[in-house]
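Scroll down for the structure; my scribbles are underneath it.
The values are calculated or read from the model by the stated rules, or taken from the named source; none is laboratory data. Not measured: the values here are computed from a predicted model. Quick reminder, even Gly has a Cβ in these numbers, built from the backbone with ideal geometry, and neighbours come from all protein chains shown. Side chains included, ligands, DNA and RNA excluded: accessible areas come from the protein's heavy atoms. Shrake-Rupley method; radii C 1.70, N 1.55, O 1.52, S 1.80 Å.
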Amino acid sequence: MFAKVKDSMSHIKLSVGPILYYWPAEYVREFYHRVAGSPADIVYLGETVCPKRRELDLPDYLQLAHQLREAGKEVVLSTMTLLESPADLRMLRRYCDNGEFTIEANDIGAVGLLREQGLPFTVGAAINCYNAQTLHQLVQFGMTRWLVPVELSREWLQQLLSQPEVADIRSAFAVELFAFGHLPLAWSARCFTARSENRAKDECDLCCIKYPDGRPVYSQERDKLFTLNGIQTQSGQRYNLIDDLPSMAGLIDAVRLSPQAQETPNWIYEFHAARSSNTYRSREPDDSNGYWHRLAGIKTLSV
Amino acid sequence: MELLCPAGSRPAVKAALKAGADAIYVGLRGDTNARHFAGLNFDAEGLAEVAALVHRQGRRLHVAINTFAHPCDYAVWQRAVDDAVKAGTDVLILADMAVLAYAAERYPSVERHLSVQASATNAAAVEFYQKTYGVTRVILPRVLSLKQVSALAHTVSAELEVFAFGSLCIMAEGRCYLSSYMTGESPNNSGACSPAPFVRWQEQEGVLEARLNGYLIDRFEPQENAGYPTLCKGRFEVDGEPFHALEEPTSLNTLSLLPALQRDGIKAVKIEGRQRSPAYVAQITRVWRAAIDQLLDNPEGYNVSGAWNAQLARLSEGAQTTLGAYHRSWR
């Protein structure tokens, strides 16, 4: 039994999610240079939070995509989560029309466009798929990989995947789980980073670039609750499921590491060691893993 | 333009009808709707009574089944749809793709509206739901500006409904997991945000502390108006400075935007608050009825009466109202 878990764990792919923060272009290039040499299997590229962040444009991402593909990575282009204006939709279409790389749809509008084009796609965590009947539809529409909504527990996922509707389609898609980094929890019309600097959203001066890991928000008792990242609100704690990999065997096909400003390439190596059943660095005391264990996301269960 | 009012109980339904609602929206008991609060909502039998009541007055009933079906309990959501249809609802308000597909296939002739919890903010999303499930109306998330609402109204053929008054969600609805991050329960997985069983009030030397699952959301001085600790409306610290880091406790009030919404062909304005008292529902409905009647009567002469605003302000969270995202300056 233990050998089987080990074998199944070694098949878990490592993915690097899109950079959720706003980093200077040279910082981004340096980051992907390191990712290219890492054991990551899948890399997601693109801006998913704010359309005003233009340090890199689609041609820049495509150039990075080619480099990463040459380094042996599977590359997926991630698209915007909160699509509001006609301009946002035009940008989405440009990504969908790239002709080379598959797309991660983070809004149902993207699912609609990709279905019409008959293209395969990844469904991001902010698309509401909570049951087997919804999953079945998404597969029919062309989904080949599913990033599980962040709030779902192992138990929920296991129940969902063991429904009869899933049995005959399970080989048609991969299941990916957000396993490292600050969890994206909400999207708003309001820019909280601009607000924290007393700026209006229209005059934000792209101030997100000053906070490569977002801005932490504490309660008045100094509990770290949230992280402000432009229009996105993230978890205050870093989520880290490195110690939980054995519980994913047979259930999860890929784990996602969401880029943080520091140390993420090192953690790719740690996750690789963990899936290979070698010695690895455990979760840190401040890291949380609650959602996976059907607790509040902020909580931590020792495993 | 339709005035759509909330009701969580039979007295609230009656109050809304009497005050001039064109349509009423309600939920069933249990976690199939996004106001899953104790003592609120209707069982199948109660729903049939309410439907009869509403129809006798020539108004319409909408039933919200707008949470996401749990993996082992899909039948519960199917049954909710069956019960609502059997009770005689005119409209189903749905969010889950699975439930939408079920309703479209099983009851094609019952009107389907896309719940705000489905978070359709753009033309591509609206068209997806229209084409796939035959939804005829889309309720827009409160994150859109008036300009964006207007652009959407001119692009899509589906009817659009907007929130006109009530509690303000600052996050795109249906895509906010802040509540489950802190408590384990969210609108999507449990039908409630910042659920009441997790709330604790503590008084310390005259200062009232509001906690959610143990975490301090806000502290109120004696002279301050203490609001429910909805987690996005707490006072938190960024860089050592405590303030409403996400949102002040205010209510959305769009009375002044009514002519613009009318010009854009917005089909319905919705009042938030199935959890509110019959008295609250009655007062809000009366103000909005008067405003819409005035607008339809004499569009050029429409003028937001000071009395309306004063009345709404008294019923608002923190006694303050805002245009929310409809006005760009809020963003």
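Just so you know, in the stretch B:122-148 the residues that are over 27 Å from residue B:101 (Cβ atoms) and touching a helix residue (DSSP H, G or I) at 6+ places or on another chain (Cβ under 7 Å) include one that is nearest to the other protein chains (Cβ to nearest Cβ), and it is B:145.
Among the strands (runs of 3 or more DSSP E) confined to the stretch B:212-286, the ones with at least 2 residues that are within 14 Å of chain A (Cβ to nearest Cβ) and surrounded by 18 or more Cβ atoms within 10 Å (Cβ to Cβ) are located at B:215-220, B:236-238. A residue that is facing chain A (nearest Cβ under 7 Å), of a type in the set (D, E, K, R) and within 23 Å of residue B:144 (Cβ to Cβ) can be found somewhere in the stretch B:162-182.
Here residue A:226 passes the criteria (1) open to solvent by less than 10 Å² (accessible area, probe 1.4 Å); (2) not in a strand (DSSP E or B) except the one numbered (2). In the set (1) at pLDDT 95 or above; (2) surrounded by fewer than 23 Cβ atoms within 10 Å (Cβ to Cβ); (3) farther than 21 Å from residue A:42 by Cα; (4) not basic (Lys, Arg), the condition left unmet by residue A:303 is number (1).
Considering B:70, B:36, B:62, the condition of being farther than 15 Å from residue B:12 by Cβ and away from chain A (no Cβ under 14 Å) is satisfied by B:36 alone.
Before we move on, is residue A:198 open to solvent by 10 Å² or more (accessible area, probe 1.4 Å), more than 14 Å from chain B (Cβ to nearest Cβ) and either in contact (Cβ under 8 Å) with a residue 12 or more places away in the chain or out of contact with any His (no Cβ under 8 Å at 6 or more places or on another chain) (or both)? When the stated conditions are applied, residue A:198 does not pass them. Answer yes if at least one residue in the stretch B:24-37 is within 16 Å of residue B:286 (Cβ to Cβ) and not basic (Lys, Arg), and no otherwise. Yes: one or more hits.
For the stretch A:150-195, the set of residues classified as in a helix (DSSP H, G or I) and in contact (Cβ under 8 Å) with a residue 60 or more places away in the chain consists of A:154, A:155, A:156, A:157, A:158, A:161, listed by residue number.
Here the strands (runs of 3 or more DSSP E) wholly within the stretch B:48-156 that include at least 1 residues being more than 21 Å from residue B:262 (Cα to Cα) and assigned by TED's automatic domain parsing to the domain that holds residue B:31 are B:60-65, B:91-94, B:111-114.
Of everything in the stretch A:61-90 that is more than 20 Å from residue A:43 (Cβ to Cβ), surrounded by 16 or more Cβ atoms within 10 Å (Cβ to Cβ) and among the hydrophobic types (A, V, I, L, M, F, W, C), the residue that is farthest from the chain's Cα centre (by Cα) is A:89. A count restricted to the stretch A:102-157 and to residues that are of a type outside the set (A, V, I, L, M, F, W, C) and more than 10 Å from every other protein chain (Cβ to nearest Cβ) stands at 12. Only one entry in A:213, A:205, A:244, A:223 is away from chain B (no Cβ under 14 Å), farther than 26 Å from residue A:5 by Cβ and of a type in the set (Asp, Glu), namely A:205.
Taken over the stretch A:189-205, the residue count meeting the criterion of being at pLDDT 95 or above and farther than 16 Å from residue B:243 by Cβ is 0. Within the bounds of the stretch B:147-156, is there any residue that is open to solvent by 10 Å² or more (accessible area, probe 1.4 Å) and of a type in the set (Val, Ile, Thr)? Checked against the condition, which is being open to solvent by 10 Å² or more (accessible area, probe 1.4 Å) and of a type in the set (Val, Ile, Thr), the stretch B:147-156 yields at least one hit. Residues in the stretch B:178-211 that are under 21 Å from the mean Cα position of the chain (by Cα) and of a type in the set (Gly, Ala, Ser) were compared, and the one that is most open to solvent (accessible area, probe 1.4 Å) is B:196. Among the residues in the stretch A:94-108, are any farther than 18 Å from residue B:117 by Cβ, open to solvent by less than 30 Å² (accessible area, probe 1.4 Å) and free of Cβ contacts under 8 Å to residues at least 24 places away in the same chain? The answer is yes, given that some residue of the stretch A:94-108 is farther than 18 Å from residue B:117 by Cβ, open to solvent by less than 30 Å² (accessible area, probe 1.4 Å) and free of Cβ contacts under 8 Å to residues at least 24 places away in the same chain. For the stretch B:187-195, the condition holds for at least one residue, the condition being that it is closer than 30 Å to residue A:107 by Cβ and among the hydrophobic types (A, V, I, L, M, F, W, C).
The residue that is nearest to residue B:268 (Cα to Cα), among those in the stretch B:32-73 that are surrounded by fewer than 23 Cβ atoms within 10 Å (Cβ to Cβ) and among the small types (Gly, Ala, Ser), is B:58.
This table checks each residue for (1) over 19 Å from the mean Cα position of the chain (by Cα); (2) open to solvent by 10 Å² or more (accessible area, probe 1.4 Å).
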{"site": "A:12", "(1), (2)": "no, no"}
{"site": "A:19", "(1), (2)": "no, yes"}
{"site": "A:23", "(1), (2)": "no, no"}
{"site": "A:26", "(1), (2)": "yes, yes"}
{"site": "A:30", "(1), (2)": "yes, yes"}
{"site": "A:37", "(1), (2)": "yes, yes"}
{"site": "A:52", "(1), (2)": "yes, yes"}
{"site": "A:57", "(1), (2)": "yes, yes"}
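Scanning the stretch A:280-295 for residues that are part of a loop (DSSP other than H, G, I, E, B) and open to solvent by less than 10 Å² (accessible area, probe 1.4 Å) yields a count of 3.
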